[in-house]
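> For reference, the structure I am asking about is given below.
Each value in this text was obtained by applying a stated rule to the coordinates, not by laboratory testing. Predicted, not measured: the structure shown is a model, and the values here were computed from it. Here Cβ is always computed from backbone atoms with ideal geometry, including for glycine, and neighbour counts include all displayed protein chains.
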Amino acid sequence: MTQDQLSSPHFVQEEIGDGIIEGWRLDTSEQTLFALLKDLFENHWQSILFGTMIQGSVFEIRATAPPTRIVLLDGYLTVDFGAWHFHVCIGENYGTQVRPTSPELRAIRKTHRAELVRRLNPDGTPSSWRLRLFNGRGENQLTVFLPNPFITDDLKVAREPDWDRLAFWDQLRATYLGLPPDPKDRTAKTLFHG
């Protein structure tokens, strides 16, 4: 067991068919998720990919400009890029007086699990770093692919890993988990796709 696992009661590990994801659960309060997502999309939009990720389908979207606005209304975060936008329910969604949201539907829509995760190569070394949000049914609401030492800015496989690209991952771990950089993050020799 690593130091990170020992120091965090929020550590999770999951087998995903052809690999292992290990990560740390985050606070899912609307305030925390809004601050985290606002920071991601206002300050790091140019270095992340985002979308949904389920077995058989991955959307990796890259913004070409910063968002024109980021707002929170009735539990829904809206990130607006001008020509297009997306919504993610991160808080309580009550609806309107005329069309209130049922308690059952509110329980499904809201983010119930948020995690900072890394995908491990078959040899146990990390080669992908992400933020994942899941609704009350356990469905993926949003996956944010963080800067990767093995992938260049133009999305090509790097000849040599650029460990400086883990600075944002390290910052998120410190801010939201109170954890220092983990030397394990800098041990992989290659990127594993699967």
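> Explain nothing, just the number: relative contact order of the chain, from Cα pairs under 8 Å at least 6 residues apart, as a whole percent. Spell out each step's value before the answer.
Numbers: 348 pairs, mean separation 35.9, N = 194.
Relative CO of the chain lands at 19 percent.
> Name the most mobile residue of Q55, Q171, Q13, meaning the one with the largest mean-square fluctuation, in a Gaussian network model of the chain with Cα contacts below 10 Å.
Q55
> If the reach is capped at under 16 angstrom between alpha carbons, list the aspartates and glutamates near K184, excluding any in the same chain fewer than eight residues apart.
D4, E22, D123, D162, D164, D170
> At a Cα cut-off below 15 Å, give the aspartates and glutamates reachable from K110, other chains included and same-chain residues fewer than 8 away excluded.
By straight Cα distance, K110 reaches D27, E30, D74, E92, E139.
> Starting with the fewest neighbours, write out W84, W24 ranked by other beta-carbon atoms found within 10 Å of each beta-carbon.
Details: W84 9, W24 22.
By the 10 Å Cβ count, ascending: W84, W24.
> Throw me the Rg/Rh for region 101-149, computed over C-alpha atoms with Kirkwood Rh, two decimals. Mind showing how you got there, number by number?
Values: Rg = 14.2 Å, Rh = 12.2 Å.
Using only Cα positions, Rg/Rh for region 101-149 is 1.16.
> Here's something else I'd like to know. For the chain, find the longest principal axis of its Cα atoms and tell me its angle to the long axis of helix 30-43, 0 to 90°, nearest 10.
Result, in degrees: 60.
> While we're looking at this one, here's another question. At 7 Å along Cα-to-Cβ for each site, give me the label-to-label distance between A158 and R69 in nm.
Inter-label distance under the simple model: 3.7 nm.
> Using a Förster distance of 25 Å, how high is the FRET efficiency between F34 and I108, based on the Cβ-Cβ distance and rounded to 0.05?
On the way: r = 20 Å, r/R0 = 0.79.
Calculated transfer efficiency: 0.80.
> Mind listing which GluC sites (Glu not before Pro) in region 81-130 are in a DSSP loop and have 14 or fewer other Cβ atoms within 10 Å?
On the way: sites: E92, E104, E115; in loops: E92.
In loop regions of region 81-130 (DSSP not H, G, I, E or B), the sparsely surrounded GluC sites (Glu not before Pro) are E92.
> I'd like the orientation of helix 167-177 relative to the chain: the angle between its Cα long axis and the longest Cα principal axis, in ° from 0 to 90, rounded to 10.
The angle comes out near 60 degrees.
> Also: Answer with a single label: of (1) 18.5, 59; (2) 17.0, 52; (3) 17.1, 58, which was calculated as Rg and Dmax of the Cα atoms in Å from the structure in view?
(3)
> Between V98 and V12, how many nm apart are label points set 7 Å from Cα along the C-beta direction?
Between V98 and V12, the simple spin-label model gives 3.8 nm.
> Further question: Could you line up S47, S128, S29, S102 from fewest to most neighbouring Cβ atoms inside 10 Å? Walk me through the numbers on the way to the answer.
Values: S47 16, S128 20, S29 13, S102 9.
The most exposed by this proxy come first: S102, S29, S47, S128.
> Roughly how many debye, to the nearest 20, is the charge dipole of the chain about its Cα centre, given +1 on each Lys and Arg Cβ, -1 on each Asp and Glu Cβ, and no other charges? All intermediate terms of the calculation are to be shown ahead of the outcome.
Numbers: 21 positive and 25 negative charges, 58 e Å.
Value, rounded to 20: 280 debye.
> Among I70, I54, which comes first, then next, by fewest other beta-carbon atoms within 10 Å?
Working: I70 18, I54 10.
Ascending number of Cβ neighbours within 10 Å: I54, I70.
> Return the calculated 222 nm mean residue ellipticity for the chain, to the nearest 500 deg cm²/dmol, obtained by summing -39500 (n - 2.57) across DSSP H runs with n ≥ 4 and dividing by the residue count. Don't jump to the answer; show the numbers that get you there.
Details: 4 runs with 37 residues, N = 194.
The per-residue figure over the chain is -5500 deg cm²/dmol.
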